[in-house]
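Before any comments, here is the structure.
The values are calculated or read from the model by the stated rules, or taken from the named source; none is laboratory data. Note that the structure is predicted; figures quoted are calculated from it, not measured. Note that we place each Cβ from the backbone using ideal geometry, even for glycine, and neighbour counts take in every protein chain shown.
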Amino acid sequence: MANTSARMLRLLSLLQTHRYWPGGELAGRLEVSPRTLRRDVDRLRDLGYPVDATRGAAGGYQLQAGAAMPRSCSTTTRR
């Protein structure tokens, strides 16, 4: 998936539908390298999404339990 914005939306969707994702499996689903996945997770964090990471061979990612979505993404304003 070459488009960064589309890939990040897919990453966010996957993180919301699964409690915990092993890093290798998540990178495989997105068809990216583990390094690209780490950068995308950092981008989500910069946007205010609370993504937890576990290091090591069995490491992975998950959204923090009970975390609220950033206001800009959780509300829609029509003008």
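Of the candidates 29, 39, 43, the single residue that is farther than 23 Å from residue 58 by Cβ, surrounded by 11 or more Cβ atoms within 10 Å (Cβ to Cβ) and not hydrophobic (A, V, I, L, M, F, W, C) is 43. Checking each residue in the stretch 17-49 for being basic (Lys, Arg), within 20 Å of residue 64 (Cα to Cα) and out of contact with any strand residue (DSSP E or B) (no Cβ under 9 Å at 6 or more places or on another chain) picks out 39, 43.
For the stretch 1-16, enumerate the residues that are surrounded by fewer than 17 Cβ atoms within 10 Å (Cβ to Cβ) and within 23 Å of residue 55 (Cβ to Cβ). Even if it seems obvious, please write down each step before you answer.
We begin by selecting, within the stretch 1-16, every residue surrounded by fewer than 17 Cβ atoms within 10 Å (Cβ to Cβ); these are 1-6, 9-10, 13-14, 16.
If the condition is that a residue be surrounded by fewer than 17 Cβ atoms within 10 Å (Cβ to Cβ) and within 23 Å of residue 55 (Cβ to Cβ), then 14, 16 are the ones that fit.
Of the residues making up the stretch 20-39, those that are within 15 Å of residue 4 (Cα to Cα), over 11 Å from the mean Cα position of the chain (by Cα) and either among the hydrophobic types (A, V, I, L, M, F, W, C) or in a helix (DSSP H, G or I) (or both) are 29, 32, 34, 35, 36. The number of residues in the stretch 1-16 being free of Cβ contacts under 8 Å to residues at least 40 places away in the same chain and within 11 Å of the chain's Cα centre (by Cα) comes to 8. When residues in the stretch 48-69 are screened for being exposed (fewer than 12 other Cβ atoms within 10 Å of the Cβ) and either among the aliphatic types (A, V, I, L, M) or on the phi < 0 side of the Ramachandran plot (or both), 6 of them pass.
Taking the condition of a type outside the set (Val, Ile, Thr), at pLDDT 95 or above and not in a helix (DSSP H, G or I), does residue 49 pass? So residue 49 fails the test.
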